[in-house]
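Novice: Have a look at the structure that comes next, please.
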Amino acid sequence: MPDEPAGSEPREGFPQAAVFVKPKRARPFFGRHPWVLESAVLRVEGDPAGGDAVDLVTHDGQFIGRGLFNPASRLRVRLYGFSADEPLDGGFWETRLEAAVALRRQLGLLGPRSACRLVNSEGDGLSGLIVDRYADFLAVQPTALAIAERLGPICDALQRLIQPRGILLRGAERGLGKLEGLHLADRQLRGEGPKGPVFIEEHGLKFGIDLTEGQKTGAYLDQRENRQAVARYAAGRRVLDMFCYGGGFGVAAAVAGKATAVLSVDSSAKAVALARANAELNAATTMLVEQADAFEKLAALREAGDRFGMVVLDPPKFARSRASASDALRAYHRINRLAVELLEPGGTLVTCSCSGAISRDDFLMMLSGVAQRSNRMLQLLECRGAAADHPVNMHCLEGEYLKCVIARVG
Ligand code: SAH
């Protein structure tokens, strides 16, 4: 804690409490890793409440960083600042948000009808805060208690920086509530709510986004550039878009890519309705959308002798943790093997994984295993990730999760 003149009032954002790190456990935090786990904590001084600012100090009291405390979470402190002179006050959050918005502006992603991730948690130095922009509306998703408590100043800053018509709160993902002691109901935070879907444009294509009921905050923005990349391989081909959600890959392949036909499949009825609406919105007349289980549908298509020039696999997270990684890799192997068998010679496999617990290397090794057993020649063409509006904090590589591999199957 910095010295304060005796008798002075506590100043906003300068902590009254300190968390001491166990001896020999301080190195990652000097390296600016933002997650201080309960197991690294030696003791806490000053009796902070959940959401309070604390200083992180070595076992002998040397300042390391400044963060927010949550006694209910295994992630006991999230670190935001690494300078003892800098308070975690309103100005601090605004400066971070300003930098996040400036990056998206530089990337050319703030067009009036476009959609992008405005704040990517650790990736923008704002652990526990997700903000997505869909044209005139923002969806805010806090995944940390302390951030949920600061939504007022965060919305004020966003309002000043972006002037949205409305800001909606999307409650944290299920499961996170248990981890953080955070239970949030969806509600309108600022301005007005959209009446019906919000229409956005992505590389010249139109999509209707359901901001209140949709998956994630409404769309999978992390795949935006990959949808465009995939379209380059679609011309003149029959495309299978498996796990299609709103039909993003299918629409891109059909319209931008000039595929001859697209079959998009999802097990969720809502996703199928959304994908059909998006196909219609883009006059993608060659695109068919079907409700089915991916594993069953892939096997049935193979049995029927159906073949495609391109197969896209974009499944939900198969591995929730490291412990389930080997089961997940078996599931990835199964669907990728089926996809390879469905491809014509010279076809394109687009295969994704959004499981952070599966590394890029694990995923490529799994695909190499598929190649070895498939009797086909697989060539790795592109090994992609999320777009630049999903920056990864290099001090915390845990934030890297999306793999999107494009391969040629001979
Ligand atoms: N490709 C999409 C995002 C896919 S998200 C895009 O670019 O926007 C994963 C999707 O898989 C979800 O829509 C979910 O409903 C669907 N899903 C989950 N399990 C499934 C299963 N067993 N079979 C088919 N679809 C499934």
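Novice: Among the lysines, select those whose C-alpha is under 17 Å from the C-alpha of Lys178, and discard any that sit fewer than 8 residues away in the same chain.
Specialist: Partners within reach: none.
Novice: Please give the charge dipole size of the chain, origin at the Cα centre, charges +1 on K and R Cβ atoms and -1 on D and E Cβ atoms. Round to the nearest 20 debye.
Specialist: Dipole about the Cα centre, nearest 20: 1400 debye.
Novice: Pick out, from Ser324, Gly305, Leu97, the residue whose Cα sits farthest towards the positive end of the charge dipole of the chain, with +1 on the Cβ of Lys and Arg and -1 on the Cβ of Asp and Glu.
Specialist: Farthest towards the positive pole: Gly305.
Novice: Using only the Cα atoms of the chain, what are the Rg and Dmax in Å?
Specialist: According to the Cα coordinates of the chain, Rg and Dmax are 23.2, 81 Å.
Novice: Subtract the Cα-Cα distance of Leu397 and Asp293 from 0.36 nm times their separation in residues, and report this length gain in nm to one decimal.
Specialist: So the extension gain works out to 34.2 nm.
Novice: If contacts are Cα pairs under 8 angstrom and at least 6 residues apart, what is the relative contact order of the chain in percent?
Specialist: Relative contact order comes out at 11 percent.
Novice: Which is farthest toward the positive dipole end of the chain among Leu397, Ala72, Leu184, measuring Cα position about the Cα centre, with Cβ charges +1 (Lys, Arg) and -1 (Asp, Glu)?
Specialist: Leu397
Novice: For the Cα atoms of the chain, what angle does the longest principal axis make with the long axis of helix 269-281, in degrees from 0 to 90, nearest 10?
Specialist: 70
Novice: Over segment 90-191, with a single point scatterer placed on each C-alpha, what log10 of the ratio I(q)/I(0) does the Debye formula yield at q = 0.18, 0.20 1/Å?
Specialist: Debye intensities relative to I(0), on a log10 scale: -0.80, -0.99.
Novice: Can you compute 3J(HN,Hα) from phi for each residue in segment 133-150, using the Karplus curve 6.51 cos²θ - 1.76 cosθ + 1.60 with θ = phi - 60°, rounded to whole Hz and x for Gly and Pro?
Specialist: Each residue's phi maps through the Karplus curve to give 10, 10, 6, 7, 10, 10, 10, 10, 10, x, 10, 9, 4, 5, 6, 4, 6, 9 Hz.
Novice: Once the Cβ-Cβ distance between Leu107 and Gln215 is put in as r, and R0 is 22 Å, what FRET efficiency do you end up with, to the nearest 0.05?
Specialist: Result of the calculation: an efficiency of 0.40.
Novice: Could you pull out which residues in segment 102-138 have an amide N less than 20 Å from a spot 7 Å beyond the Cα of Asp85, following the Cα-Cβ vector?
Specialist: Within reach of a label on Asp85, which here means backbone N under 20 Å from a point 7 Å along Cα→Cβ, segment 102-138 contributes nothing.
Novice: Give the shape of segment 1-82 as rounded, prolate or oblate, defined through the alpha-carbon gyration tensor: a ≥ b ≥ c are the square roots of its eigenvalues, a/c under 1.5 means rounded, and otherwise the shape is prolate if a/b is larger than b/c and oblate if not.
Specialist: It comes out prolate by the Cα gyration axes.
Novice: A further question on this structure: Tally Lys/Arg at +1 and Asp/Glu at -1 over every other residue whose Cβ is under 14 Å from the Cβ of Leu56; what's the total?
Specialist: With Lys, Arg at +1 and Asp, Glu at -1, the neighbours total +2.
Novice: Another question about this same structure. Could you work out how far apart the two model spin labels at Phe63 and Leu380 are, taking each label as a point 7 Å from the Cα in the direction of the beta carbon, and quote it in nm?
Specialist: In this crude spin-label approximation the distance works out to 4.4 nm.
Novice: Next question, about the same structure. What's the whole-number percent of alpha carbon pairs in segment 256-342 lying beyond 19 angstrom?
Specialist: Across segment 256-342, Cα pairs with separations above 19 Å total 47 percent.
Novice: Right, something else. Return the long-range amide H neighbours of Leu184 (sequence gap of 5 or more, or a different chain), with a cut-off of under 5 Å between placed amide H atoms.
Specialist: Ala172
Novice: By how many degrees, 0 to 90 and rounded to 10, does the Cα axis of helix 325-342 deviate from the longest principal axis of the chain?
Specialist: 30
Novice: Also, I was wondering about something else. Kindly provide the helix-only [θ] at 222 nm of the chain, computed as the sum of -39,500 (n - 2.57) over DSSP H runs of four or more divided by all residues, to the nearest 500 deg cm²/dmol?
Specialist: -8000 deg cm²/dmol
Novice: A further question on this structure: Could you give the distance between the Cα centres of segment 219-237 and segment 313-356, to the whole Å?
Specialist: 17
Novice: Continuing with the same structure: Normalised by the residues of segment 90-191, what does the relative contact order come to in percent, with Cα pairs under 8 Å and at least six apart?
Specialist: That works out to 21 percent.
Novice: Still on this structure, I have one more. Students often check this: by mean Cβ neighbours within 10 Å, which of 374-382, 263-271 ranks highest, and how do the rest follow?
Specialist: 263-271, 374-382
Readers should treat all values here as calculations from the given coordinates under stated rules, not as data from a laboratory. This structure is a prediction, so every number in the text was calculated from the model and none was measured. Positions of Cβ are generated from backbone atoms using ideal geometry, with glycine treated the same way; all protein chains shown enter the neighbour counts.
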